[in-house]
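J.: Below is one structure. I have some questions about it.
The values are calculated or read from the model by the stated rules, or taken from the named source; none is laboratory data. Computed from a predicted model, the values in this text were never measured in an experiment. Positions of Cβ are backbone-derived with ideal geometry, glycine not excepted, and every protein chain shown enters the neighbour counts. Surface accessibility is based on the protein's heavy atoms, side chains included, excluding ligands, DNA and RNA. Shrake-Rupley method; radii C 1.70, N 1.55, O 1.52, S 1.80 Å.
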Amino acid sequence: MSNDLRARLGLRPVINVSGTMTSLGASIVVPEAIAAMAEILPHFVEINDLQRKASAVISRLTGGEAGFVTASCSAGISLAVAGAITGPDLLAIERLPDVATEKNEVLVQMGHVVSYGAPVDQSIRLAGGKVVMIGQATSTHRYHMENAITERTAAAVYVVSHHVVDYGLLHLSEFVEIAHARGIPVIVDAASEYDLRKFLATGADMALYSGHKFLGGPTSGIVAGRKDLVRNAFLQNMGIGRGMKVGKESIFGVMAALEAWETRDHEAVRARESAYLALWSEALKGRPGVTALIEPDPTANPLDRLRVIINPREAHTTAWDLAAALRAGSPPVIVRDHETEHNYFYLDPCNLHPGEEVVVAERLTAELDRARASNEIIATPIEDLSRHRFDGMLRWPD
């Protein structure tokens, strides 16, 4: 990798087995999107007309009546909520986040109020929305939602993510049924979802996607759904959406990524990823204190991951210390480690360049051998994970 620009910039050549994480650059951009961005960059276009062209592509792939491209899925939440509050009132749009109406409450199940790098509820509050959490963290029932809807309710947000509580909450179909019985629009945050049609088909009024995760487009968000609601969200570009704008290259890049998605050989992608999982499973087979399990994606995306479970007494290390060693070594291998306090992490196969799967196996076995050779168990206090989690951010810039 002598032509790797990361060396020139003084950046670490990380290998990503964490997934489509924004903090790592989200995904490998598909060649079609790269070519589209390069093609449009030298030219002037009327952005609103380009967004109309994007709307046609978004509608075709999602089944929505209209759509547009914004800065991110997080931006999409703010714009969709803002549109539900202001409607097409241009003066109200200019005044946000101050609202001229009492109809600004937004319902969210408590188990859906998670952080994807920033809190879900903050995206709602940025738009002038007042968050009304319904239910408890692990249970929401019909009566919670039915009694939370008032004349002040502007919208209801439903979050689809591996971060949310995945039991005891209202299913989307029931969430939609309750909201629509009272005329409340439903906005679905589906940032990292493969299925571009399911949520609108289930009855959601707006579905929001990331353009730069599984689609492999540039950093962006996609808003799709009911024409009047999409229009009201798009109008926020004259207000709070100005700071969330995208350039011509992102809009055209997303259009190209969506069209490439239509012709992608998804079965071949799945076969390649399955081969990576098999390689890693074999590399870990029979190792003391290590159990490797292939598990399906929790939101039903057509993707499996390898859960690597560590028994510290036998492996002579903890899951979090092994993840830290992989991250700190050469080359750095960054695993999906948001649950390491339970002594496991995941290996995600969806963002690897050819040959990197072998490097991951080699780094794993080398770090496990090093730990086993230790006379003592490598066990950093679990509290250090919390104590030092944001040290790097707080030191920026050095």
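J.: Among strands (runs of 3 or more DSSP E) lying entirely in segment 179-251, which contain 2 or more residues that are hydroxyl-bearing (Ser, Thr, Tyr)? Outline the logic, then answer.
T.: Details: elements: 186-189, 206-210, 221-225.
Passing ranges, in order: 206-210.
J.: Hey, another quick one. Taking into account only those residues within segment 342-398 that are at pLDDT below 85 and basic (Lys, Arg), which is surrounded by the fewest Cβ atoms within 10 Å (Cβ to Cβ)?
T.: Checking each candidate, the answer is 395.
Here's the yes/no breakdown for (1) of a type outside the set (Gly, Ala, Ser); (2) closer than 23 Å to residue 147 by Cα:
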site: 163; (1), (2): yes, no
site: 168; (1), (2): no, yes
site: 171; (1), (2): yes, yes
site: 184; (1), (2): yes, yes
site: 191; (1), (2): no, no
site: 195; (1), (2): yes, no
site: 198; (1), (2): yes, no
site: 204; (1), (2): no, yes
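J.: Another one. Taking the stated definitions as given, is residue 293 farther than 30 Å from residue 147 by Cα, open to solvent by less than 30 Å² (accessible area, probe 1.4 Å), at pLDDT 95 or above and over 21 Å from the mean Cα position of the chain (by Cα)?
T.: Numbers: farther than 30 Å from residue 147 by Cα: yes; open to solvent by less than 30 Å² (accessible area, probe 1.4 Å): no; at pLDDT 95 or above: yes; over 21 Å from the mean Cα position of the chain (by Cα): yes.
It is false that residue 293 is farther than 30 Å from residue 147 by Cα, open to solvent by less than 30 Å² (accessible area, probe 1.4 Å), at pLDDT 95 or above and over 21 Å from the mean Cα position of the chain (by Cα).
J.: While we're on this one: Of the numbered conditions (1) on the phi < 0 side of the Ramachandran plot; (2) surrounded by fewer than 16 Cβ atoms within 10 Å (Cβ to Cβ), residue 300 fails exactly one; give the number of that condition.
T.: (1) is the only condition that residue 300 fails.
J.: From the residues in segment 79-100 that are of a type outside the set (A, V, I, L, M, F, W, C) and crowded, with 24+ Cβ neighbours inside 10 Å, which one is farthest from the chain's Cα centre (by Cα)? Give the derivation first.
T.: The initial filter retains those residues of segment 79-100 that are of a type outside the set (A, V, I, L, M, F, W, C), namely 83, 86-89, 94-95, 97-98.
This time we only want the ones that are crowded, with 24+ Cβ neighbours inside 10 Å, so: 83, 86.
Numbers: 83: 22, 86: 27 Å.
Among those that are of a type outside the set (A, V, I, L, M, F, W, C) and crowded, with 24+ Cβ neighbours inside 10 Å, it is 86.
For every residue, the table says whether it meets (1) touching a Lys or Arg at 6+ places or on another chain (Cβ under 9 Å); (2) at pLDDT 95 or above; (3) over 29 Å from residue 337 (Cα atoms); (4) open to solvent by less than 30 Å² (accessible area, probe 1.4 Å).
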position: 182; (1), (2), (3), (4): no, yes, yes, no
position: 197; (1), (2), (3), (4): no, no, yes, no
position: 217; (1), (2), (3), (4): no, no, no, yes
position: 255; (1), (2), (3), (4): yes, yes, yes, yes
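J.: Taking segment 184-195, which residues are open to solvent by 30 Å² or more (accessible area, probe 1.4 Å) and farther than 20 Å from residue 296 by Cβ?
T.: Answer for segment 184-195, where residues must be open to solvent by 30 Å² or more (accessible area, probe 1.4 Å) and farther than 20 Å from residue 296 by Cβ: there is none.
J.: Specify the residue that is farthest from the chain's Cα centre (by Cα); the eligible residues are those in segment 101-154 that are under 17 Å from residue 233 (Cβ atoms) and among the charged types (D, E, K, R).
T.: 103
J.: Quick check on this structure: which one of 64, 76 is touching a residue at least 60 places away in the same chain (Cβ under 8 Å), buried (at least 20 other Cβ atoms within 10 Å of the Cβ) and assigned to a loop (DSSP other than H, G, I, E, B)?
T.: Values: 76 fails: assigned to a loop (DSSP other than H, G, I, E, B).
Only one candidate passes the filter, namely 64.
J.: Looking at this structure, is residue 137 in contact with a helix residue (DSSP H, G or I) (Cβ under 8 Å, 6 or more places away or on another chain), open to solvent by less than 20 Å² (accessible area, probe 1.4 Å) and among the aliphatic types (A, V, I, L, M)?
T.: Values: in contact with a helix residue (DSSP H, G or I) (Cβ under 8 Å, 6 or more places away or on another chain): yes; open to solvent by less than 20 Å² (accessible area, probe 1.4 Å): no; among the aliphatic types (A, V, I, L, M): yes.
Here the answer is no, as residue 137 does not meet what is asked.
J.: Could you list, in sequence order, all residues of segment 27-51 that are under 13 Å from residue 248 (Cβ atoms), open to solvent by 20 Å² or more (accessible area, probe 1.4 Å) and either under 22 Å from the mean Cα position of the chain (by Cα) or not hydrophobic (A, V, I, L, M, F, W, C) (or both)?
T.: Scanning segment 27-51 gives 39, 42, 43, 46, 48, 49.
J.: Return the total of residues in segment 288-299 being under 22 Å from residue 267 (Cα atoms) and touching a helix residue (DSSP H, G or I) at 6+ places or on another chain (Cβ under 9 Å).
T.: Filtering segment 288-299 down to residues under 22 Å from residue 267 (Cα atoms) leaves 293-299.
Applying the additional criterion that residues be touching a helix residue (DSSP H, G or I) at 6+ places or on another chain (Cβ under 9 Å) yields 293-294.
Within segment 288-299, residues that are under 22 Å from residue 267 (Cα atoms) and touching a helix residue (DSSP H, G or I) at 6+ places or on another chain (Cβ under 9 Å) number 2.
J.: To continue, here is another question. Show the residue pairs meeting these rules: Cβ distance below 6 Å; 6+ apart or different chains; first residue within segment 352-363 and touching a residue at least 40 places away in the same chain (Cβ under 8 Å); second residue open to solvent by 40 Å² or more (accessible area, probe 1.4 Å).
T.: As it stands, the answer is 357/279; 361/279, since those pairs meet every condition given.
J.: Considering only segment 164-174, I want to know if a residue exists there that is under 21 Å from residue 115 (Cβ atoms), among the hydroxyl-bearing types (Ser, Thr, Tyr) and surrounded by 14 or more Cβ atoms within 10 Å (Cβ to Cβ).
T.: no
J.: Another one. Limited to segment 272-290, what total is found for residues that are within 29 Å of the chain's Cα centre (by Cα) and open to solvent by 60 Å² or more (accessible area, probe 1.4 Å)?
T.: 2
J.: Only one residue in 263, 202 is of a type outside the set (D, E, K, R), in contact (Cβ under 8 Å) with a residue 24 or more places away in the chain and open to solvent by 30 Å² or more (accessible area, probe 1.4 Å). Which one? So that I can check it myself, show each step before the final result.
T.: Details: 263 fails: in contact (Cβ under 8 Å) with a residue 24 or more places away in the chain.
Matching residue, one of 263, 202: 202.
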